[in-house]
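K.L.:
Mind having a look at this structure? Questions to follow.
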């Protein structure tokens, strides 16, 4: 009963807020609607965009610059051998339903994520955990199989948030977390509404409520933004219209970097693409700047390997695959390839559709014909990602630090290199930051000189917001629209 | 000699111009649209690019020429499929009026008629993937019942005429009568209907391409040009206005031609005017 009262009070506060002081709530535009709202049970980026840091929190969390900072764990100690982490939890944290957040909940959440029948989309994050024990209400000891330098980073993912055993099953439709916003309502196909959690343990947030509206059509998104129906569109789907927002003092255009390595993925199961010379030829045939200009209207940073340029361990390897059509033709001749026709499958985003046409033209120039097929996401996942039925495809890999996908031979482009896999095995047990950096650089170089895929550009995060809003993330270190620091200046 | 209606002349002129442009694009366009020059994108109208370039640096004149060709080619083949299958079905139904065959053909037509061409197209592309061929099939299938109905409707009154009776007493089979006596007499009807269906085919192709179910890149298509430029309507409006105008004018021309042909070919109207 109290819960209901509180809920209606929150709704009342929200509507009253809208009537008297319009600037205490915010409407956020998103292109895709999440399929459900449990970040521990699905991979869709839209889930984390709504709930990460807003509704759910983990032991650690990502700050806007990508660094890992304390979340529900106030502090931690790491044993000498790097296998035991002792987390001290914050005191007085409650879930939105009033239940206290204790060490038992952490044990439950991590055990649930690493269980054999887990539905967690990133189960690999927890694979190294041997045991999770609650010492007292605010102390948790996590024992690892071996030292793992990325463990605190892994625990900051949206997939590693702490949930309450009592409400875990219902989180898909009624998410109950510990965050500064509580879930109010989900109008399927239209919007999700959050309201401020007044019992929040941390610094109270400025906004009284937030509405996430789903607008898939780029034109409608543009109109909604221009009309003021939406206050901010953190990942705006039409880079071609940004120039108009830039020229308008009512709007701020936020250009940042993301974790999205956009690549021309090559199917190593295709006969022609098993020859490294053919893959190298394709890489040399591509003019990255043309793709960034033509497909992204200039937003994007060229990359030469599968790694984010803003990461300190990034190596600029674009020279390995510089634009050199003559070299590409030579390599093709060397490989004895003639009249090669490759199937290019393109998912819906404009980087893929427009980029695909540009790449097709560039490949034709060196003598490779392409057959373009435009696919919807569901078809793409079915046919390309799960079915391996493609030669080339363009996609942006938006997960942070995902170079380890090259160690998975069953991953859709099917790169199988013992050398790379052993590098990743070493990386997984290495805790020394310098050694880790060296291994990461080695890994970047290996996939660059092996021409596993053609590396195009780092996806820019191009967002638009009302000029009176401050505190939105400029970069996207993880898939999130963190509203904790957002406020209206007037 | 009767005077030709002005609608017919205007419609025929527009159609002819498009047909000539489409034919020219087979052998020549100002630029190769499969060779993208990204650095040249979004150019204004100039002597080198008469109508400027699009977001990927392709010459708009060339894009429109090829787009018109795609539309016309798809519509011609689709209408051809509709006639080739629909007319014999309609004639057979008329020749066997009231029989089980008639019922089966006409109810089958109703069934296809009940599905909009877009739904058929989505169905076909879900099975075989999107392509110009599948767009042709979808539009063609949608055309079959139209022609079957027109053929049957036109043929029924002819079957009651004396010379058909004479032909039957002379021992001609129903198939031969349909081909030799009925078909020539409904040809006018079919030509007029074909013109109308042709303009609907152009629209259907543009619609299918717009939602990505028609011709796939790098083939240019007016519908896809529209969908790709719609987000730029505020900054580079011509990119969307030009293919839109191209579709409107072509469809208008075909409709005028269809109306004019009906006026010119319908014996009753001709007699009234003469």
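Please treat every number below as a calculation from the coordinates, not as lab data. Note that the structure is predicted; figures quoted are calculated from it, not measured.
K.L.:
With the Cα gyration tensor of region B:8-80 giving a ≥ b ≥ c as the square roots of its eigenvalues, does the rule (a/c under 1.5 for rounded; else a/b larger than b/c for prolate; else oblate) give rounded, prolate or oblate?
P.N.:
prolate
K.L.:
Shifting gears a bit: Using the alpha-carbon atoms, what tilt in degrees (0 to 90, nearest 10) does helix A:276-285 show relative to the longest principal axis of chain A?
P.N.:
Approximately 80 degrees, to the nearest ten.
K.L.:
Further, regarding this structure: Restricting things to Cα coordinates, could you compute the convex hull volume per residue of region A:131-188 in Å³? Walk me through the numbers on the way to the answer.
P.N.:
Values: hull volume 7.8 nm³, N = 58.
Cα-based convex hull of region A:131-188, divided per residue, equals 134 Å³.
K.L.:
Could you tell me the ratio Rg/Rh of region A:391-490? Both radii from Cα atoms, Rh via Kirkwood. Mind dumping the intermediate values first?
P.N.:
Working: Rg = 18.1 Å, Rh = 16.5 Å.
Ratio value, two decimals: 1.10.
K.L.:
Starting from one equal scatterer on each C-alpha and no solvent at all, send me the Debye-based log10 I(q)/I(0) for region A:223-295 at q = 0.13, 0.23, 0.26, 0.27 Å⁻¹, two decimals.
P.N.:
Calculated log10 I(q)/I(0) at the listed q: -0.61, -1.11, -1.27, -1.31.
K.L.:
How large is the convex hull of the Cα atoms of the protein assembly as shown per residue, expressed in Å³ as a whole number? Walk me through the numbers on the way to the answer.
P.N.:
Working: hull volume 166.5 nm³, N = 764.
Looking at the protein assembly as shown, the number lands at 218 Å³ per residue.
K.L.:
If you take the square roots of the eigenvalues of the alpha-carbon gyration tensor of region A:298-427 and sort them as a ≥ b ≥ c, do you get rounded (a/c under 1.5), prolate (a/b over b/c) or oblate?
P.N.:
The shape class here is rounded.
K.L.:
Percent of Cα-Cα pairs more than 25 Å apart in region A:23-164, please.
P.N.:
Values: 2588 of 10011 pairs.
Cα-Cα pairs in region A:23-164 separated by more than 25 Å: 26 percent.
K.L.:
For helix A:418-429, what angle does its Cα long axis make with the longest principal axis of chain A, in degrees from 0 to 90 and rounded to 10?
P.N.:
20 degrees
K.L.:
What are the principal axis extents of the Cα atoms in region A:160-204, in Å, biggest first?
P.N.:
That works out to 32, 24, 17 Å along the principal axes.
K.L.:
Averaged over all directions, how much area does the convex hull of the C-alpha atoms of region A:57-125 cover when projected, in nm²?
P.N.:
Mean projected area of the Cα convex hull: 6.2 nm².
K.L.:
For region B:139-246, take every pair of Cα atoms, bin their distances at 5 Å starting from 0, and report each bin as a whole percent.
P.N.:
Pairs per bin, as whole percents: 2, 11, 16, 14, 11, 9, 8, 7, 7, 6, 5, 3, 2, 1, 0.
K.L.:
Could you give log10 I(q)/I(0) at q = 0.12, 0.16, 0.22 Å⁻¹ for region A:103-207, computed by the Debye formula over C-alpha point scatterers of equal weight, without solvent?
P.N.:
-0.50, -0.84, -1.27
K.L.:
For region B:1-135, build the convex hull from the C-alpha positions and give me its volume per residue in Å³. Please report the intermediate quantities before stating the final value.
P.N.:
On the way: hull volume 27.4 nm³, N = 135.
Dividing the Cα hull volume of region B:1-135 by its residues yields 203 Å³.
K.L.:
Just round it to a whole percent: the fraction of Cα-Cα distances in chain B exceeding 34 Å. Numbers along the way, then the final one.
P.N.:
Details: 11470 of 37401 pairs.
Here the long-distance tail beyond 34 Å is 31 percent of all Cα pairs in chain B.
K.L.:
Computed from the mean reciprocal separation of all distinct C-alpha pairs, what Kirkwood hydrodynamic radius does region A:222-373 have, in Å? Write down the numbers at each step before the final one.
P.N.:
On the way: mean 1/r = 0.0577 Å⁻¹.
Across region A:222-373, the inverse of the average 1/r is 17.3 Å.
K.L.:
Right, here's the next one. Report, in degrees rounded to the nearest 10, the 0 to 90 angle that the Cα long axis of helix A:218-227 makes with the longest principal axis of chain A.
P.N.:
40 degrees
K.L.:
Given the Cα atoms of region A:393-446, and with Rh set as the inverse mean 1/r over their pairs in the Kirkwood sense, what is Rg to Rh to two decimals?
P.N.:
Numbers: Rg = 11.7 Å, Rh = 11.9 Å.
My calculation of the ratio gives 0.98.
K.L.:
Let me ask you something else. Rounded to whole Å, give me the distance from the Cα center of region B:122-195 to that of region A:423-472.
P.N.:
Rounded to whole Å, the Cα centres lie 63 Å apart.
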